[in-house]
Amino acid sequence: MSPARAAACARALRDAGHRGARVAGEHVLGAPFLAVGEGWRIGTGYTDAGADSRTKEFAATFRARHGGAPGPWAAEAYDAVRFAAHGLGAVGDGGRSTLRSELLRRPWQGITRRVSFEPTLQYFQGGDDSGGFLFRVSAGAARFVARSDDIGAKT
């Protein structure tokens, strides 16, 4: 669903007096939806690096180096590059097969999520750290609420 269609849906629900759950995925995040989606909860695959306690140091370093806040997917891109560098550091003379086995050998903890490879299904997975994030639309912007794995956790 495009942000414009999501905005039309949000307006229709609001005008009909709907008071129940209002939830969508990150694909709705755009100016048309943000203008009318007050109170909606949005699930994303990326975090707000400046608001997430696990990525605040990354955000501060990014801001100092680049003169602005990191955008969506910046922390996840950082993790992807570090994951590849981790594997490349172990390659030595073994080449591509060594890189592949090193990347698949054990779980790797990034700043945004933990990644492991499930050999039977041959997929990367998050396990107990799904890498999902919750935002809430407020005052025309999507604002970070929590990591999905932290929702309902005892502190």
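The values are calculated or read from the model by the stated rules, or taken from the named source; none is laboratory data. Being a predicted model, the structure only gives us computed values, none of them experimental. Virtual Cβ from ideal backbone geometry, glycine too; neighbours counted across all protein chains shown. Ligands, DNA and RNA are excluded from the accessible area calculation, which covers all protein heavy atoms including side chains. Shrake-Rupley method; radii C 1.70, N 1.55, O 1.52, S 1.80 Å.
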Ile151, Ile42, Ile111, ranked by accessible area, largest first (probe 1.4 Å): Ile151, Ile111, Ile42
Nonlocal amide H pairs with Val145, under 5 Å, H built at 1.01 Å: Leu134, Phe135, Arg136
Accessible-area ranking of Val145, Val115, Val137, largest first, probe 1.4 Å: Val145, Val115, Val137
Gain in span if fully extended, Ala35 to Arg82, counting 0.36 nm per residue against the direct Cα distance: 13.3 nm
Dipole in debye (nearest 20) - the chain, about Cα centre, beta carbon charges: Lys, Arg +1; Asp, Glu -1: 300 debye
Helix axis angle, 74-89 relative to the chain longest principal axis, alpha carbon, degrees: 10 degrees
